[in-house]
Amino acid sequence: MGAVLDESVLDTADRLTAADRNGLLRMLATAGAQLRESLQLTEESEVDSYLAGVRPRAVLVCCDAAAEVAGQAVAALADWSDSAAPVLLPPSATLPMWAGPADLLLVAGHTGGDERVLAVAQAAGRRGMPLVGVGPAPSPLEEACVRARGRYVPVPPDRPERAALWGHAGPLLRMAGRLGLAPVRDDDLAAAADVLDSISARCRPSSDTFVNPAKTLALAIGTALPVVWGTTPLAGVAAYRLAGQLAGNAAVPAVWGTLPVAARLFGGLFDGGDAVDAEDLFRDRVEEDEPRRPRLVLLRDVAEDPDAHGQLEDTTAALAQRGVPISEITAEEGGPATRLASLIGLIDFVTVYVGLALGVDPSGQRI
């Protein structure tokens, strides 16, 4: 049976503040400031001058769980047909046999002590690979980067793991742009920070549910089985973020993927869709305890392939006719960093509101 979702928790800022005992909503509201700060710290760490003479054969990106989405974003944006070098995400604590001084390693970690990230950074140092790290200072990761004569961007260590993404994403995205791996420019990163500020204002706890997009979506998916599809590789990264944040912040399971493959793999979850019962719209969700039913959460990117757009519209129309509930989040116009921020910024607030409405302490819940 599903958990009971108490909509009334979201109605007043005082109740939300009391339920959010460790202030995760407040920390999420600093996302734009985090991004600006991390970019400034990157500049102060002289990363640009270090990378100016680096022309890597391949770029490897290794991150711990808190920073993983940042690494995935770099990989998703590095279109191999246009990227100056392929971007690879090592799946283990061992570097590929071929990796060496002709390649570049980027590492990021929330604690600076993750064993896998440390092992990869130390191996890169032994092989003479150029290396740039992002994480707290002092930390074992900083020591490994300094020992390897690389560069290190120190980010503040006092942020909750699930609200610290932009401290890691800023330096990695900036480096991706500088290296020609992805079309990320400084004005795009500045716009992304502004978008995060705007989302924080619209999704603040004191904002009424009917005008707060994060609260509205939280009520829609809080007792459902979210099936999250991203319409582009970048939106697919956001889909992965939503699934992970739902699990961590609200103990809600979700299925995620990137179209068109996701539709073929997970479309069968909707085979049991029934026509919508009008009386069901007025049920009392607080008193009822229901099994979770699939809801499609579609994360749309304005950079979707035009040829796939029509097929997507047909698919969603067919699902709607079968009674499958659908929620859509559309990225804002702009560069890749701006579009990613517009999706993830909202997603993070949604998952915290889901957890609070379900009686879960988001900052205390762990998988």
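The values are calculated or read from the model by the stated rules, or taken from the named source; none is laboratory data. Nothing here was measured: the structure is a model prediction, and the numbers come from that model. Cβ placement follows ideal geometry from the backbone for every residue including glycine, while neighbour counts extend to all protein chains displayed. Quick note on the areas: whole protein, heavy atoms, side chains included, nothing else; ligands and nucleic acids left out. Shrake-Rupley method; radii C 1.70, N 1.55, O 1.52, S 1.80 Å.
Taking the empirical scaling 2.2 N^0.38 Å for compact globular proteins as reference, the chain has a Cα radius of gyration ratio of 1.01. Peptides 55-66, 308-319, 254-265 ranked from most to least packed give 55-66, 254-265, 308-319, packing being the mean of other C-beta atoms within 10 angstrom over each peptide's residues. Across the accessible surface of the chain, with the other protein chains kept in place and a 1.4 Å probe, carbon and sulfur atoms take up 53 percent.
Take the chain with all the other protein chains still there, run a 1.4 Å probe, and you get 43 Å² of accessible area per residue. Note on the chain: GNM, Cα springs under 10 Å; of Ile199, Ile347, Ile326, the largest mean-square fluctuation is that of Ile326. When each of the peptides 348-358, 27-37 is scored by how many other beta carbons lie within 10 Å of its residues on average, the order from highest to lowest is 348-358, 27-37. Among Trp166, Trp98, Trp229, the largest mean-square fluctuation in a Gaussian network model of the chain (Cα springs under 10 Å) belongs to Trp98. The distance from the alpha carbon centre of region 1-50 to that of region 221-258 is 18 Å, rounded to a whole number. For the pair Ala52 and Arg202, the difference between a 0.36 nm per residue extended length and the Cα-Cα distance amounts to 50.1 nm.
Against the chain, whose longest principal axis comes from its Cα atoms, helix 186-202 is set at around 30 degrees. Given the options Ala169, Ala75, Ala148, state which has the largest fluctuation in a GNM of the chain using a 10 Å cut-off (strictly under) for Cα springs. Looking only at Ala169, Ala75, Ala148, the biggest GNM fluctuation is shown by Ala148.
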